[in-house]
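Undergrad: I am attaching a structure below and will ask some questions about it afterwards.
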Amino acid sequence: MNKKYVAMIPARLGSQRIPKKNIRFLGGKPLIKYPIDFCLECDFFDSIWVNTESEELGKAVETEKVHFHRRPPELASNTATNRDFTYQFLKVHDCDYVVMVNPTSPLLRVETLKNFVAYVDENDFDVVFSVVSEKTECFCEGKPVNFSLKEKINSQFLTPVDRIAWAITAWKRDSFIKMQESGINPIFGGKIGLFSIPKDESCDLDTLEDWNIAEGMIVARNNKNTDNARYMDLG
């Protein structure tokens, strides 16, 4: 690695749509353990920080290699934004880039996280988003984005649409602070890089429906090596 990377895991305890989701068990372990384990296995980070307002949660996950960043109470409400708590975090921690690894994306694979950080390291972006590149017909405000209403073409020939997944995001520290203090939104500011991740790693646990889908996918992954494919007998 050519730069200094710090991992930030945002973990507000007071979630509303899925109560206390960061300490709720998913597939045999608390949700907060997924990003912690990803970051520890990645081994690219100078330090790993759980960014939470909850002292109980912070102390529960704190180890020799995982640290507790106490988020100020005013940044712990459901109206606090990534921009607010990331700026506060970066004012405290020195690094070239902060990499936010989101607990709400538990289907991420360690290899994907490694490739993401390597991509950041090889380039010079102010922000890098994890995205899912989808070749499917898309509308925006009733108008086609990547296809023509005049004809139907096979999906493999469509221009892919990149959907931000928020599983992993990297911000250059100096650029973020400079833009924030200049009144520019640093979340989407500066030179932007897009890193495509597999679709099956892109879940974002906002609702109980999302949670149920993720649980099903974890079961499917665990059974992948033992469950042989079966096919209908066509006689």
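Undergrad: Just the residues that are over 18 Å from V128 (Cβ atoms) and in a loop (DSSP other than H, G, I, E, B), please, taken from region 159-196.
TA: T159, S182, G183
Undergrad: So S54 passes all but one of these: (1) of a type in the set (S, T, N, Q); (2) in contact with a helix residue (DSSP H, G or I) (Cβ under 7 Å, 6 or more places away or on another chain); (3) surrounded by 18 or more Cβ atoms within 10 Å (Cβ to Cβ). Which condition number does it fail?
TA: Among (1) of a type in the set (S, T, N, Q); (2) in contact with a helix residue (DSSP H, G or I) (Cβ under 7 Å, 6 or more places away or on another chain); (3) surrounded by 18 or more Cβ atoms within 10 Å (Cβ to Cβ), the lone unmet condition for S54 is (2).
Undergrad: Just one of (1) over 24 Å from S202 (Cβ atoms); (2) among the acidic types (D, E); (3) buried (at least 17 other Cβ atoms within 10 Å of the Cβ) trips up D94, so point out which.
TA: (3)
Undergrad: Right, here's the next one. Between residues in region 73-91 that are more than 17 Å from Q16 (Cβ to Cβ) and among the aliphatic types (A, V, I, L, M) and residues that are modelled with pLDDT of 90 or more and not in a loop (DSSP other than H, G, I, E, B), which pairs lie under 8 Å by C-beta distance while being six or more apart or on different chains?
TA: L90/V98; L90/W171; L90/R173; L90/F176; L90/I177
Undergrad: Next question, about the same structure. Give V50, V117, V101 a once-over and let me know the one that is touching a Gly at 6+ places or on another chain (Cβ under 7 Å), within 22 Å of C203 (Cα to Cα), aliphatic (A, V, I, L, M) and touching a residue at least 40 places away in the same chain (Cβ under 8 Å).
TA: From the options V50, V117, V101, the qualifying one is V50.
Undergrad: Could I ask something else about it? Scan region 133-158 for residues that are part of a loop (DSSP other than H, G, I, E, B), surrounded by 10 or more Cβ atoms within 10 Å (Cβ to Cβ) and either over 29 Å from the mean Cα position of the chain (by Cα) or charged (D, E, K, R) (or both) and jot them down.
TA: Across region 133-158, the qualifying residues are K135, E137, I153.
Undergrad: Okay, next question. Quick one: in region 21-49, of everything that is aliphatic (A, V, I, L, M) and not in a loop (DSSP other than H, G, I, E, B), which residue is farthest from K59 (Cα to Cα)?
TA: The selected residue is L26.
Undergrad: Is one or more of the residues making up region 145-160 over 30 Å from K29 (Cβ atoms) and modelled with pLDDT of 95 or more?
TA: No.
Undergrad: Hey, among E215, E209, which residue is loosely packed, with under 13 Cβ neighbours inside 10 Å and assigned to a helix (DSSP H, G or I)?
TA: The unique qualifying residue is E209.
Undergrad: Take R221 and decide whether it is assigned to a helix (DSSP H, G or I) and among the basic types (K, R).
TA: So R221 fits the description; yes.
Undergrad: Look at K91 and say whether it is among the basic types (K, R) and more than 13 Å from F195 (Cα to Cα).
TA: Criteria met by K91.
The values are calculated or read from the model by the stated rules, or taken from the named source; none is laboratory data. Here the structure is a predicted model, which is why all the values come from computation and not from measurement. Note: ideal-geometry Cβ built from the backbone for every residue, glycine included; neighbour counts use all protein chains shown.
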